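Reading through the C-alpha cells given below for one structure.
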Amino acid sequence: MTSDGSPREPRLGLIVNPVAGLGGAVGLKGSDGELAARARVLGARQVAPSRAALLLERLAKMSPRPRLLTCSGEMGEGLAREAGFDPVLVHAPMGTTTSAQDTRRAAISLVERDIDLLLFVGGDGTARDVLAAIGSAIPVLGVPAGVKMHSAVFATGARAAADAVERWWQLGRPLDHGDVVDREPLDNDMTPGPVRLFGSLRIPRVPECLQRMKAGGPAVDQLLEGAIEQVAGLVADSRVSLLGPGSTLLAVKRLLGFEGSVLGVDVVCAGKKLVADAGESQLMQFVEGKPARIVVTVIGGQGFIFGRGNQPLSPRVIRAVGIDNVVIVASAGKLAALPDSRLLVDTGDGELDRSLAGYRPVIIGAKRQAICRVCAADPESGFDS
C-alpha cells in the first residue's frame, strides 16, 4: 500500500530479445549469435515482438497498472509505447543489432532500479543470459518466444505471463525456483549436443500459468515400439508426411531406414525420405494443395505438441495440411506423467490454437490410442475466466 492507502503499483522490468525464435520457422535450432544472421538470409520473420505485444496488451489492463522500465528501441520501448505505457528507459543497445551482451547489461541496469519482477521475452539462450547477469537477485519470468524453451522459468504463453504477474501480485508475491537448461552447441546440423543445467532463477509461484521443465524421454518400451511400428506403416502410403522432431519420431525415421533429424522436421512419402530438416517454405512446397499429414510427439513434462522446437510446422503449414490430418504419438508413460493430463499448443496464432483444441487421439501402441485433451497454452481470457 502507498501512504494514502491505495495499492502500490508493481515495478516491472522488461527485456525483449528481438532475435529470439528467429531461426525456428526456417529450420535452424536456435537464434543465438550468427544463427540470427543465417535466419534472416533464409527469410525468417521476427517472433518476439508479437509475443511482447500480447504481454503488454494484457499488462495494460492490470489493476493497479504497472510501472514499466525497459530498454530503448526494439528491446522494449516501441512496443511499450504502442501499448499505452510511458516507460522508464534503462539501457540502449550497443549497436544496430542486439546481442547477448545487451540482454545482460539491461538485466543488471534493471536490478539497480529496484524492480519487483523482470520479464524477458526470449528462449533458453535469453534465460541463460539473464541468469549469468543477475543470478537470483530478483524474481524473473520468461515470456516464450524462442525455438526450444526447455527451462522451467517460462509462462505457457505471453498472455499467461501477464496473468501470472497479476495473480502473483494479488497473492502477495510468493516465490519458487525454476531451473535454466539449454543444449550445448550442436555437433552438426542433425545431431544435438547434450542438455545441460546452468542454474536456477527465482520465479513467481503461480503454477497454473507456468510451464514445467522439459523431461527426458523414457526408454522405448514394448508398447511404444508398437506405436512406432504403426506410425512407420502409416507414413508408408502415397501421402506426404511431415515427421516432427523428438526421440520417438527419430525411432520412426530409423525404422523407415534413414537417419533423420532429432531436432528437425523431415518430409517422407511412401516411406522414403524426401527432405531432412526442412524449413517452413520447403514444407509448403510439399503440402500446398496436396494430401498430406503431420506427425508430432509430446514434449515430456510439458505436454506441448506445437510451438516448442517444431516451428517449421507453422500455422501456415498446419492450415495447408488440415487440423484433421495431425497425428500424435507418445508413450503412455509420458502422458501419465503430465501434471494436468493436457496437451498444449502455442503456434502464435490464437485462432488456430483454438481450432486445434479439443479431445484428440494419441497413438500409444499398436492399434492402441489414448484420448487426450488439447488446450491453447496461451488462452485469450485471463485465469479468472
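The values are calculated or read from the model by the stated rules, or taken from the named source; none is laboratory data. Bear in mind that the values here come from a model prediction, so they are computed numbers and not experimental data. Every residue, glycine as well, gets a Cβ built from its backbone with ideal geometry; the counts of neighbours run over all protein chains shown.
Quick notes on this structure:
- Matching option when the condition is assigned by TED's automatic domain parsing to the domain that holds residue 229, out of contact with any strand residue (DSSP E or B) (no Cβ under 8 Å at 6 or more places or on another chain), buried (at least 23 other Cβ atoms within 10 Å of the Cβ) and more than 22 Å from residue 355 (Cβ to Cβ), among 301, 271, 333, 279: 279
- Of the residues 106, 152, 164, 127, the single one that is in contact with a Lys or Arg (Cβ under 8 Å, 6 or more places away or on another chain) and in contact (Cβ under 8 Å) with a residue 24 or more places away in the chain is 152.
- Whichever residue in segment 85-97 is part of a loop (DSSP other than H, G, I, E, B) and closer than 21 Å to residue 142 by Cβ and, among such residues, is modelled with the lowest pLDDT: 93
- Residue, surrounded by the most Cβ atoms within 10 Å (Cβ to Cβ), within segment 69-84, restricted to residues that are in a loop (DSSP other than H, G, I, E, B) and within 26 Å of the chain's Cα centre (by Cα): 76
- For segment 336-351, the set of residues classified as under 18 Å from residue 245 (Cβ atoms) and of a type in the set (A, V, I, L, M) consists of 343, 344, 345, listed by residue number.
- Sole residue being buried (at least 16 other Cβ atoms within 10 Å of the Cβ), at pLDDT 95 or above and in a loop (DSSP other than H, G, I, E, B), chosen from 343, 352, 313: 313
- Segment 123-157: number of residues that are under 29 Å from residue 350 (Cβ atoms) and assigned to a loop (DSSP other than H, G, I, E, B): 13
- Cβ-Cβ contacts under 6 Å between residues 6 or more apart (or on different chains), taken from a first residue in segment 348-367 that is within 28 Å of residue 159 (Cα to Cα) to a second residue that is surrounded by fewer than 19 Cβ atoms within 10 Å (Cβ to Cβ) and basic (Lys, Arg), are listed as 359/373.
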